[in-house]
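**Student:** One structure, as structure tokens, below. Some questions next.
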Amino acid sequence: MRSLLTAALLLAPLARATPLTPALEDLRTAVVAQATPTPSADEEEDEDAESPAARDTGEAEGAPIQQTALPPPGQAPTLAPQADAPSIKARPRGELVSGAPLFNPDVAVHVVERKAFADVGRHEFTLYPFVAQLNGKFTQHFGSALAYTYHLQENFGLQLTPQWHWTSAESGFNEELVKKTQQTAQTASSLLLEWGINAGFEVTPLYGKFAFNEDALLQFSLVLNAGAGFGSTRHQLVPYSRNQEGIETEATFGQTGVRFTGSVGGGFRVQMGDRLAVRLEVRDFVYTARVDRVNGCTRDDIEAIITNANNAGGTWGPGCNAKSFQDLDGNPRSSDLAIARELIAEPSSDVLNLVSFYTGLSYLF
């Protein structure tokens, strides 16, 4: 047996070096066949007893071991080509991306964006062509106003607001009360504001955008303002009337002087482009209701006028306009004098609130 193995080892290098003749090839084949041991019956039984898993996995005894051929020295190993895999770019946790579902923690949800038009350093003129009183139980006011706003910052500005009421009179309810009961509402409820001017500030705590007509994006802001100033007041003495003969009597008023006023308000400003804006606001003008003089006349002056019906020989203060209580014929209007005396005799320390709705158009530059 050893001689056969020795012969096989000797012939192997020779076969690699030179090609073998047919006779030598037959001799090598015979030698290899004799060198291979034949398994005995016991070995075959042992092989059959091996588990299928061992045969399948190649872990059974005598199973051939596959080896990977190494490349020649100096040559880099060549990797087998692989199918193209999709490129996945890893994002760090917390990085915001757009276009993903809302409940994704990496979604950017834009709640407030930068304003399209800045206000800082700009001037704004606002015309309020129509101002209407909202709380007109005893009085009714209709007028116009003009406002100038200088925006010191994006959300803060200085404001000046003059306004004039081209209609200020007592309501129909109060006129009916005077006609039927000869009584008028308290001064705190019926004092009229002719004109006023207030200076103050305006803030815009929040702003936003909304779509209009499907293709237009408008910018709006919430505005809050407050100020202080002064205004001229008057009180209606006798309402408008018309007798059975068709003769009309115009309403008469008594001037009650200029007094301190204050205002607070708020609303919305809708900006349409870089220059124009629409304002919708509600403002409350506050002023005192105390009446010390009517047409410049004190209570003593009015008493003197009533005593001297013809206004002859009476004495009253230099600021009293006694002629304002006379009709076109120069006769004193006793009704006006009686109501004026009552207003002064019962002074009120209350405050009157004139709540009005303002609609305006602004120009910015």
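Bear in mind that the values in this text are calculations on the coordinates, not laboratory data. Note that the coordinates shown come from a computational prediction; the quantities given were computed from them, not determined experimentally. Methodologically, a virtual Cβ is constructed for each residue, glycine included, from the backbone with ideal geometry; neighbour enumeration extends over all protein chains shown.
**Student:** I want the local charge near LYS323. Using Cβ-Cβ distances under 15 Å, sum +1 for each Lys or Arg and -1 for each Asp or Glu among the other residues.
**Tutor:** Working: positive: ARG333; negative: ASP301, ASP327, ASP329, ASP336.
Surrounding charge for LYS323 is -3.
**Student:** Report the calculated FRET efficiency for ILE306 and ARG275 (r = Cβ-Cβ distance, R0 = 35 Å), to the nearest 0.05.
**Tutor:** Working: r = 59 Å, r/R0 = 1.70.
The calculated FRET efficiency here is 0.05.
**Student:** Could I ask something else about it? Explain nothing, just compute: Karplus ³J(HN,Hα) = 6.51 cos²θ - 1.76 cosθ + 1.60, θ = phi - 60°, for every residue of segment 237-251 in order, whole Hz, x for Gly and Pro.
**Tutor:** Computed from phi, the couplings for segment 237-251 are 8, 10, x, 5, 9, 8, 7, 5, 7, x, 7, 9, 10, 5, 5 Hz.
**Student:** Next question, about the same structure. Computed from the mean reciprocal separation of all distinct C-alpha pairs, what Kirkwood hydrodynamic radius does segment 199-344 have, in Å?
**Tutor:** Working: mean 1/r = 0.0516 Å⁻¹.
When all Cα pairs of segment 199-344 are included, the Kirkwood radius is 19.4 Å.
**Student:** Karplus couplings for segment 127-133 from phi (6.51 cos²θ - 1.76 cosθ + 1.60, θ = phi - 60°), rounded to Hz, Gly and Pro as x?
**Tutor:** Values per residue, Gly and Pro as x: 9, 9, x, 9, 10, 10, 6 Hz.
**Student:** Through the Karplus equation 6.51 cos²θ - 1.76 cosθ + 1.60, θ set to phi - 60°, convert the phi angles of segment 203-208 into ³J(HN,Hα) values in whole Hz; use x for Gly and Pro.
**Tutor:** 10, 10, x, 8, 8, x
**Student:** Grab the beta carbon distance between SER334 and ALA118, set R0 = 56 Å, and tell me the FRET efficiency rounded to 0.05. Don't jump to the answer; show the numbers that get you there.
**Tutor:** On the way: r = 63 Å, r/R0 = 1.13.
With R0 = 56 Å, the Cβ-Cβ based efficiency is 0.35.
**Student:** Among the chymotrypsin sites (Phe, Trp or Tyr not before Pro) in segment 203-246, which ones are in a DSSP loop with at most 10 other Cβ atoms within 10 Å of the Cβ? Mind listing them? Could you put the intermediate results ahead of the total?
**Tutor:** On the way: sites: TYR207, PHE210, PHE212, PHE220, PHE230, TYR240; in loops: TYR240.
In loop regions of segment 203-246 (DSSP not H, G, I, E or B), there are no sparsely surrounded chymotrypsin sites (Phe, Trp or Tyr not before Pro).
**Student:** Follow-up question, since we're still on this one. What does the net charge come to around PHE268 if you take all other residues with beta carbon closer than 11 Å to its beta carbon, with K and R at +1 and D and E at -1?
**Tutor:** Spelling it out: positives minus negatives among the neighbours equals +1.
**Student:** I need the GluC sites (Glu not before Pro) found in segment 242-332, filtered to DSSP loop residues with at most 12 other beta carbons within 10 Å of theirs. Don't skip to the end; give the middle numbers.
**Tutor:** Details: sites: GLU245, GLU248, GLU250, GLU281, GLU303; in loops: GLU245, GLU250.
Passing both the DSSP loop test and the Cβ count: GLU245, GLU250.
**Student:** By how many nm would the segment from SER144 to GLN244 lengthen if fully extended, with 0.36 nm per residue of separation less the alpha-carbon distance?
**Tutor:** Details: separation 100, 0.36 × 100 = 36.00 nm, distance 3.60 nm.
Full extension of this stretch gives 32.4 nm more.
**Student:** Continuing with this model, one more query. What number does segment 280-341 give for Rg over Rh if you use C-alpha atoms and the Kirkwood radius?
**Tutor:** Numbers: Rg = 15.2 Å, Rh = 12.9 Å.
That ratio equals 1.17.
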